[in-house]
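Read the structure below first, then the notes.
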Amino acid sequence: MKSADIIESIYKTADATRDELRFIIENRSGESARMLYGLARERACEYYGKKIFVRGLIEMTNYCRNDCLYCGIRRSNKKVQRYRLTKEDIMECCREGHSLGFRTFVLQGGEDMYYTDDIMTDIVASIRAEYPDCAITLSLGEKPRESYQRFFDAGANRYLLRHESADPEHYRRLHPAELSLANRMECLRNLKEIGYQVGAGSMVGSPYQTVDNIVEDLLFIKEFAPQMVGMGPFIPHHETPFAHEKPGSAELTLFLLAIVRLMNPKVLLPATTALGTVENNGREMGVLAGCNVVMPNISPMSVRRKYMLYDNKLNADAETEAAYESVKKSMDAIGYEVVSDRGDYAG
């Protein structure tokens, strides 16, 4: 068994066995990574050209009812300065983002019960009415199916809900007892059935993660076939139980992103902020490993440093316009073009 042969096979078939995935991950080298990245770039260009789609990230609340062990805004962290954006705040973010060229808005937040279904449907419907040319993505955690349906009917197009780990035991070690992988998977299935473009994904290098866990994630992503995959390195936050754990590596993250691209050729694949945080030029390296999405922060400057899921977050102090221009410049430098486009799934 040779890594080059397996990588070539994944490129041709968009599939791999458990043993093949384990082998190329455990035996990865600079040579196999270069081959993998080249083929992943080729596959991404086949469906999307050299276009990079930008998503305007609006971090609407850092209140959260959950207590996930890795997360800086977990409910047990009493040192967080909590905040909520008003509907007017969110609409102002959209106005600024739209004028710059953003055509997707991502409303992300902790699981904050203040935002009832009525409040959220009003916000979504207002964005939909004012920006009919834009996609609306939500990332607000686990909800009843009825809530997801209401948001969709109000005009939301996409929903991001990272599964974090496809192995139940590993999932349990990262989350409080009241959260379960079974419920997370049920939410993902509901979202897909309703008609959302759905995003799943995991942390690379999270505490207790094994190669078998990583392989399970890759196989789940292949089987579930989400339209988007958010995969970034684990980064510890100093006010969590995992404060002293080792961060995930950019090198392994890039390798896995390229595999995701080959196994899911049309996927919308972000080069995450976390990747750019652990590695200089991490987002550019992500694009060169098959990514085609970048998500600059367009939240109000007053709240940027309050939404810290992990330490040392990239560009927390960058003004929206400056961050956007920086992304355009960095992508241009590696031969890619940031486009003013919704950037829908090529399926």
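The values are calculated or read from the model by the stated rules, or taken from the named source; none is laboratory data. All values reported here derive from a predicted model rather than from experimental measurement. Because the Cβ atoms are built from the backbone with ideal geometry, glycine has one as well, and the counts that use them run over all protein chains shown. Each accessible area value is taken on the protein alone, full model and side chains, heavy atoms only, with ligands, DNA and RNA left out. Shrake-Rupley method; radii C 1.70, N 1.55, O 1.52, S 1.80 Å.
Please specify each residue of region 270-296 satisfying the condition of being among the β-branched types (V, I, T) and in a helix (DSSP H, G or I).
Correct list: T273, T277, V278, V287.
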key: Among (1) of a type outside the set (F, W, Y); (2) part of a helix (DSSP H, G or I); (3) exposed (fewer than 15 other Cβ atoms within 10 Å of the Cβ) - the single one R65 does not satisfy   = (2)
Matching residues, region 159-207, being open to solvent by less than 20 Å² (accessible area, probe 1.4 Å), of a type in the set (S, T, N, Q) and either free of Cβ contacts under 8 Å to residues at least 12 places away in the same chain or touching a strand residue (DSSP E or B) at 6+ places or on another chain (Cβ under 7 Å) (or both) = S165, S202
key: Count - residues of region 208-219 that are over 16 Å from the mean Cα position of the chain (by Cα) and either under 28 Å from A135 (Cβ atoms) or surrounded by fewer than 19 Cβ atoms within 10 Å (Cβ to Cβ) (or both)   = 6
query = Which condition breaks for A166 when tested against (1) closer than 23 Å to A274 by Cβ; (2) outside any loop (DSSP other than H, G, I, E, B); (3) not charged (D, E, K, R)?
reply = (2)
ask   = Is at least one residue of region 67-88 without any contact (Cβ under 8 Å) to a residue 40 or more places away in the chain and more than 30 Å from L179 (Cα to Cα)?
value = yes
key: Output for region 306-331, where each listed residue is touching a Pro at 6+ places or on another chain (Cβ under 7 Å), assigned to a helix (DSSP H, G or I) and either without any contact (Cβ under 8 Å) to a residue 60 or more places away in the chain or farther than 13 Å from M295 by Cβ (or both)   = A323
message = Of all residues being farther than 21 Å from M295 by Cα and acidic (D, E) in region 113-151, which is most open to solvent (accessible area, probe 1.4 Å)? Just the residue, please.
response = E146
note = Going through (1) part of a helix (DSSP H, G or I); (2) more than 23 Å from G56 (Cα to Cα); (3) within 18 Å of the chain's Cα centre (by Cα) one by one, N190 fails only at (3)
remark   = Taking region 21-49 and keeping residues under 17 Å from P270 (Cα atoms) and hydroxyl-bearing (S, T, Y) leaves Y37, Y47, Y48
query = Can you tell which of G97, G110 is out of contact with any helix residue (DSSP H, G or I) (no Cβ under 9 Å at 6 or more places or on another chain) and crowded, with 22+ Cβ neighbours inside 10 Å?
reply = G110
ask   = Does region 144-151 contain any residue that is outside any strand (DSSP E or B), in contact with a Cys (Cβ under 6 Å, 6 or more places away or on another chain) and either more than 21 Å from A323 (Cβ to Cβ) or modelled with pLDDT of 95 or more (or both)?
value = no
remark   = The condition from (1) in contact with a strand residue (DSSP E or B) (Cβ under 8 Å, 6 or more places away or on another chain); (2) assigned to a helix (DSSP H, G or I) that E251 misses is numbered (1)
task = Take S76 and decide whether it is small (G, A, S), assigned to a loop (DSSP other than H, G, I, E, B) and open to solvent by less than 60 Å² (accessible area, probe 1.4 Å).
result = yes
key: Test: residue in region 251-267 that is within 15 Å of the chain's Cα centre (by Cα), open to solvent by 30 Å² or more (accessible area, probe 1.4 Å) and under 30 Å from R95 (Cα atoms)   = no
request  = Tell me, yes or no, whether region 118-126 has at least one residue that is part of a loop (DSSP other than H, G, I, E, B) and touching a residue at least 24 places away in the same chain (Cβ under 8 Å).
outcome  = no
